[in-house]
Amino acid sequence: MSLEMSSSASTAREIAAARQTDFVAFLHRAPFAGDALALGFLPGFREDCGYQTDQYLTLEIPVGMLDNDFRNPNLE
């Protein structure tokens, strides 16, 4: 199986527009969130998940984005 990348003008415009973003968020668990932070991503997690950091006692990762459950949002 191969991944085909289109070189059409619309694809080029979409890529150019995506590169204009201020933030790209990475929502996942440690240690991947720490790696993403080091690479310049905005770290965060899903409302129902967290970083799952019980095994990392000294982990300090900011929460830059919280993905709220849109079906049952807890806005507090």
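If the condition is being modelled with pLDDT of 80 or more and under 26 Å from Asp67 (Cβ atoms), then the stretch 6-15 contributes only Glu14.
Within the stretch 16-40, the set of residues being within 15 Å of Glu60 (Cα to Cα), in contact with a strand residue (DSSP E or B) (Cβ under 9 Å, 6 or more places away or on another chain) and modelled with pLDDT of 80 or more comprises Phe32, Ala33, Gly34, Asp35, Ala36, Leu37.
The values are calculated or read from the model by the stated rules, or taken from the named source; none is laboratory data. Just so it is clear, the structure is predicted and the values come from calculations on it, not from any experiment. So basically every Cβ, Gly included, is an ideal-geometry build from the backbone, and we count neighbours across all protein chains shown.
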